[in-house]
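Read through the structure below, which is laid out as structure tokens, and then see the notes.
Derivation of every value follows stated rules applied to the coordinates shown; laboratory data play no part. In this text, all values refer to a predicted model and were calculated from it rather than measured experimentally. Heads up, the Cβs are rebuilt from the backbone with ideal geometry, glycines too, and the neighbour counts pull from every protein chain shown.
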Amino acid sequence: ALAVTPTILFASWLTTKPSIAVIGSGIFIVFLMHIGFNSAFNTNPVTFINDAIADLLAVLVSGVMYGLIDISSSPWSRRRIATSLRGLIVTACRNPLMMKRAQLENAAFDLVQRAGSAQRVAQEQDRLVIDWLLSTLEIGHAVIALQELKPEINHPYFSGLLLTSLEAIAALHETPTEGLRIKALKSIENATENLTSDISTDIAMPEAAHQLRLQALSMLHFMHSALLDEESVLVAKEKN
């Protein structure tokens with residue numbers, strides 16, 4: 001016990017330092033692998049030192065390589081995560097039966113969790129992934145709400161307006177550009193104006209239909225405000 005305690009304490013201390021924790025872990029692996037705890041005591045110092053040095057070098061090389069090619073923290077991975085998050089909006093707009101609120105949230109959180117960005121929000125690139133997550137949830141919930149309202153409204157003209165708006169939002173998230181953002185805003189404004197005019201002029205409209213169109217109008221206003229936000233990640237991507 002006296003012989004092995006100093007090495008174990010030293011390795012434990014190394015693991016408390018983030019920059020050299022891999023070395024401490026390597027010492028643990030090498031030392032405990034070669035210490036030879038068994039009932040019959042036998043030792044060969046030369047073999048032990050030779051194997052220990054080889055294993056420690058292997059652990060060091062593995063640690064360096066892992067630090068260099070860790071996909072979860074690479075810029076490429078972050079871009080892929082952002083693209084996948086936007087893809088959830090595209091799916092919600094174009095395939096309403098494939099995306100519900102719970103599925104949207106689970107898929108979005110799973111993507112960000114796998115990327116590890118939630119644990120590294122101090123880094124600018126990881127904050128960008130979190131911004132995409134928030135934007136996805138914000139607009140995604142509104143899109144899903146509209147998709148649920150569209151069959152209930154059951155009006156060819158207004159259903160067509162909503163479909164056009166959803167397609168414009170899908171195109172924007174598929175390829176975020178300023179031109180497509182303006183197109184999406186105009187499409188939403190057109191749908192909003194027509195719904196507002198219909199609600200204010202059709203006095204004989206049943207109460208149920210009136211409430212449904214008010215809900216649709218509310219969702220359209222919400223998405224319009226989100227796309228107008230100059231701090232939106234969609235705008236930031238275009239500027240970058």
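Backbone phi angles across region 95-112, fed through the Karplus curve with coefficients 6.51, -1.76 and 1.60 (θ = phi - 60°), yield HN-Hα couplings of 10, x, 6, 8, 9, 10, 4, 5, 5, 4, 5, 4, 5, 5, 5, 5, 4, 5 Hz in residue order; Gly and Pro are listed as x. Each peptide in 54-62, 208-216 receives the mean, over its residues, of other Cβ atoms within 10 Å, and ordering these scores from highest gives 208-216, 54-62.
The slack between ASP229 and LYS17, meaning 0.36 nm per residue of separation minus the straight C-alpha distance, is 72.1 nm.
Counted by Cβ distance under 12 Å from CYS93, the other residues give a net charge of +1, where Lys and Arg count +1 and Asp and Glu count -1.
Spin-label pair LEU60-GLU167: with each label point 7 Å from Cα along the Cα-Cβ axis, the two points sit 6.2 nm from one another. Computed from label points 7 Å out along Cα-Cβ, the spacing between GLU148 and LYS100 is 1.0 nm.
Our coupling estimate for region 173-180, obtained by passing each phi through the Karplus curve with A = 6.51, B = -1.76, C = 1.60 and θ = phi - 60°, is 6, 6, 9, x, 9, 5, x, 6 Hz, Gly and Pro reported as x. The simple spin-label model puts a point 7 Å past each Cα toward its Cβ; for GLN215 and GLU138 those points are separated by 2.3 nm.
Full extension of the chain between ILE199 and THR175 gives 5.3 nm of extra length, using 0.36 nm per residue less the Cα-Cα distance.
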